[in-house]
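Structure record follows, encoded as structure tokens.
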Amino acid sequence: MATAPKEAENAIVLEEIPMETQEPPKGQKTFTVEEAVETIGFGRFHIALFLIMGSTGVAEAMEIMLIAVVSPLIRCEWQLQDWQVALVTTMVFFGYMVFSIVLGLLADRYGRWKILLLSFLWAAYFSLLTSFAPSYIWFVFLRAMVGGGVSGHAQGLIIKTEFLPTKYRGYMLPLSQVFWLTGSLLIIGLASVVNPTIGWRWLIRIASIPGILLILVFKFIPESARYNVSTGNVAAAVATLQRIAKMNGVVMPEGVLREPTKERRGRFKDLMHPKYLRTTLQIWIIWLGIAFAYYGVILASAELLERDLVCGSAAPAVQDPGDDSEESRSPCHCHLFGPAAYQTMIISTVGEIALNPLNILGINFLGRRLSLCITMGCTALFFLLLNICTSSAGMIGFLFMLRALVSANFNTIYIYTAEVYPTTMRALGMGTSGSLCRVGAMVAPFISQVLMSASFIGALCLFSSVCVVCAISAFTLPIETKGRALQVCI
């Protein structure tokens, strides 16, 4: 069996090691990265991988959900109008959208690990700067930069996907939702304590700590062996696989590592290749629709709960959808969250993991396509059910189920997208999908806050219709990735 230099065995090799591909002697055994990953199986390395790369979701959730808990305070401090507060969220997603494509291209060309580290450094730096923002304009600009950095966190999911054996991907990847939930609950809990005492600027600084700590432990996770092989970096791939086998206490496959090398990587036109064109277009539709529904539910929750829920009565005019604490109104719109508002946010957020066990079973037994089709169809149904006159508890129940369903949709499409594309374009595929996702997030506020005020049933029907289109797209996807080995190149 071919071995890497001793130095490469004792360290995590991050840089590319050029090595000419030579034909193995006739009759000599060979193996691929896919075969090595399956032979090594699941062990201690993968537990560390799951905890470290999964924790990127904690940092991402805290940065994304941060705006929701600081909006009332910046509205008061700078005397902002509603559209100015909404613009902050829009610009965060705009930064995410633009950088998602760029970082996806760079990750396929220069490595997942390097881009992940860069994105965390970028997000932490601009997040800390945000806490010193002297004006509203600076705040918007700096949060947009944070959104750009957060878009690179998706490389953590790609690294996990490329190291996990096939039969474990459908179980371990959905469990990553626990980290997003943890981050969301953590920022809400911190906000309830920090905002009323030392202020929102300190909340932003504290929220940056998880991302900074993660940067310090990234060194324990190597660059993807699949990526190294796709660049011809066979020695680095072998060193990484040997290290993982040693950690897991197993033996590497016999022979030498052999994989076809793809020199050109991360090309946008590869997404339009006839083999993937239909898949790419349908995935983009699904990503856009899921984000549209997800952020639509979050942004519309407060307004939905303020409606007159007695059958046959007219809905009252919404005086201020941001006034969750029912505090007295003032010229500068200081409607700060009270304990009840934070409690409602926590309850609805917990709903995101309610269907996780069923989602995992569906992904692994029904397949990615059918599972996504079912959850998207149920999401469409529950949007229509919101129009039913019911009690406040009933409405909260509907919202709880909607949060659970839209979260399950995200779980499934994340896994499918990471599995369907080959190594040479996987990061780009995730990046462009994430970019379209943010387009849906940018449109959602206009439907959930503007159209819903004018036509409640019209807004719900629009959300429901988009989910139906996504369900059909999911059912008709040309490739099922359940039990399918990760592809190396087109």
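For this structure, a couple of remarks:
- Taken together, the residues in segment 75-110 that are of a type in the set (D, E, K, R) and within 27 Å of A418 (Cβ to Cβ) amount to 2.
- Looking only at residues in segment 377-412 that are closer than 16 Å to I353 by Cα and of a type in the set (A, V, I, L, M), the one that is modelled with the lowest pLDDT is I396.
- Considering the conditions (1) crowded, with 18+ Cβ neighbours inside 10 Å; (2) of a type outside the set (V, I, T); (3) in contact with a helix residue (DSSP H, G or I) (Cβ under 7 Å, 6 or more places away or on another chain), L121 is excluded by exactly one of them, (1).
- Filtered by the rule that a residue be of a type in the set (A, V, I, L, M, F, W, C), open to solvent by 40 Å² or more (accessible area, probe 1.4 Å) and over 26 Å from M91 (Cα atoms), segment 436-484 gives I457, C461, V468, V469, I472, F475.
- Residues in segment 361-376 that are under 16 Å from K167 (Cα atoms) and either in contact with a Cys (Cβ under 9 Å, 6 or more places away or on another chain) or open to solvent by 20 Å² or more (accessible area, probe 1.4 Å) (or both): L361, N364, F365, L366.
- Against the criterion of being open to solvent by 10 Å² or more (accessible area, probe 1.4 Å) and in contact (Cβ under 8 Å) with a residue 12 or more places away in the chain, I290 does not qualify.
- Checklist (1) open to solvent by less than 20 Å² (accessible area, probe 1.4 Å); (2) modelled with pLDDT of 85 or more applied to F93, failing item: (2)
- Qualifying residue in segment 392-405 (condition: surrounded by fewer than 16 Cβ atoms within 10 Å (Cβ to Cβ) and in contact with a helix residue (DSSP H, G or I) (Cβ under 9 Å, 6 or more places away or on another chain)): yes
- Each residue in segment 96-118 was checked for being closer than 18 Å to I215 by Cα and either open to solvent by less than 60 Å² (accessible area, probe 1.4 Å) or not assigned by the TED database to the domain that holds G57 (or both), and 8 of them qualify.
- Residues considered: A86, A59. Of these, the only one that is touching a helix residue (DSSP H, G or I) at 6+ places or on another chain (Cβ under 8 Å), open to solvent by 10 Å² or more (accessible area, probe 1.4 Å), touching a residue at least 12 places away in the same chain (Cβ under 8 Å) and at negative phi is A86.
- Taking every residue in segment 152-166 that is without any contact (Cβ under 8 Å) to a residue 40 or more places away in the chain and pairing it with any residue that is not in a helix (DSSP H, G or I), at least 6 positions away or on another chain, yields no pair with a Cβ-Cβ distance below 7 Å.
- Restricting attention to segment 413-435, the residues that are within 14 Å of G95 (Cα to Cα) and at pLDDT 80 or above total 1.
- Yes/no for L381 being in contact with a helix residue (DSSP H, G or I) (Cβ under 9 Å, 6 or more places away or on another chain), in a helix (DSSP H, G or I) and open to solvent by less than 40 Å² (accessible area, probe 1.4 Å): no
- Qualifying residue in segment 269-283 (condition: touching a residue at least 12 places away in the same chain (Cβ under 8 Å), outside the structural domain of M53 (by the TED database), open to solvent by less than 60 Å² (accessible area, probe 1.4 Å) and out of contact with any helix residue (DSSP H, G or I) (no Cβ under 7 Å at 6 or more places or on another chain)): yes
The values are calculated or read from the model by the stated rules, or taken from the named source; none is laboratory data. What you see is a predicted model, and the numbers here were worked out from it, not measured in a lab. FYI the Cβ positions are ideal-geometry reconstructions off the backbone, even for glycines, and counts take in every protein chain you see. All accessible areas refer to the heavy atoms of the entire protein, side chains included, with ligands and DNA or RNA removed. Shrake-Rupley method; radii C 1.70, N 1.55, O 1.52, S 1.80 Å.
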